[in-house]
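Read-outs throughout are calculated quantities, based only on the coordinates presented, and are distinct from any laboratory measurement. Computed from a prediction, not measured in an experiment: that's the story for all the values here. Heads up, the Cβs are rebuilt from the backbone with ideal geometry, glycines too, and the neighbour counts pull from every protein chain shown.
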Amino acid sequence: MSKRMMKGSGALLCLTVLLLPGRAIGQDEDQETRQLYAEQMYAQAVALSAQEAAAAAQYDVSAEEVSRLAYQAAAMADTIYRAARRALNESQYRRAIELFERSLDEEPEYSAEALYYQALAYYRMGGRGNYDRAYRKLNEQLARYPDAASSGDAEELMVRIESELARRGDAQAAERLAREAERLAQEEISVEREMERDVRRDAEREREHAMQEKASQEAEIKAMALHALIQADPEKAIPYLSKVLRNRTPETAELRAQAVFILGQHESDGTLDLMLDVIRNDPDPDVKGQAAYWLTQVDDPRAI
């Protein structure tokens, strides 16, 4: 760079810095004040970039040099990473790549995301060499920071890059795409099979629920019939209640409990023997408990 160009570059940088209000950046300002400085500095950088042609003519420097100095000034007031993101958003891809590289060197806290966005800048520039560079950056990010917030975006970008490389005749990229497509297909098959299993499990649960509801309704109907029978003729009802209580399957537990309740409401000569048999032999604890409660209310030595 000529002395005149160096003078022009220095003048531009100094001009941008001097436009900041108050005292210099880098002292112990609070975060809000630093952010205000950053916004003001960035505004000045944008203003300079918008006047690249005039600045270049005045100081005999290239428009690219003016842009570089503008973003350098912005980075002085803000983090390099944020300045790089702004350059990327404004399609200043070369500047963004340079700033992301600086951020990787000087701001390790931003390294995971800087690698992704630097790769994105390379990708947007296009061209075989830039696609290769982007792919390497993404591989580095996924290897070093597998849990990065942008890891999903990085994997998607890698597929895009491989698609571009494959279209340009890269056999390795085409092979990687084929393997990825096969992997995704297998994942899709696995997901579909799991969904089918879920559907079958849900259907089975619904059938079981429907059967339980039906059994409960039938138990209520039978209990109503037994209750009506014992009201009309207790002696005839006892054999039916005894038959219900001897059918000790899990499905009839609710009906047996109803039978114990009905039996307890209409005490007869055979009631105590039936209740004792329930306590000794019924497998369901709720049915046993109901019979035991009835026995506590009976004044009979056998109930003790």
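Which order do TYR81, TYR240, TYR110, TYR122 fall in if you start with the one that has the fewest other Cβ atoms within 10 Å?
With the sparsest Cβ surroundings first, the list reads TYR240, TYR110, TYR81, TYR122.
Which log10 I(q)/I(0) values does the range 239-283 give at q = 0.26 Å⁻¹ under the Debye formula, counting every alpha carbon as one identical point scatterer?
The Cα Debye sum returns log10 ratios of -0.94.
At q = 0.11, 0.16, 0.18, 0.24 Å⁻¹, what is the base-10 log of I(q)/I(0) for the range 92-195 according to the Debye formula with one equal point scatterer per Cα and no solvent? Please give it to two decimals.
-0.39, -0.73, -0.87, -1.23
For a quick protection proxy, order the peptides 282-290, 92-100, 210-218 by their average other-Cβ count within 10 Å, most packed first.
The most tightly packed comes first, giving 92-100, 282-290, 210-218.
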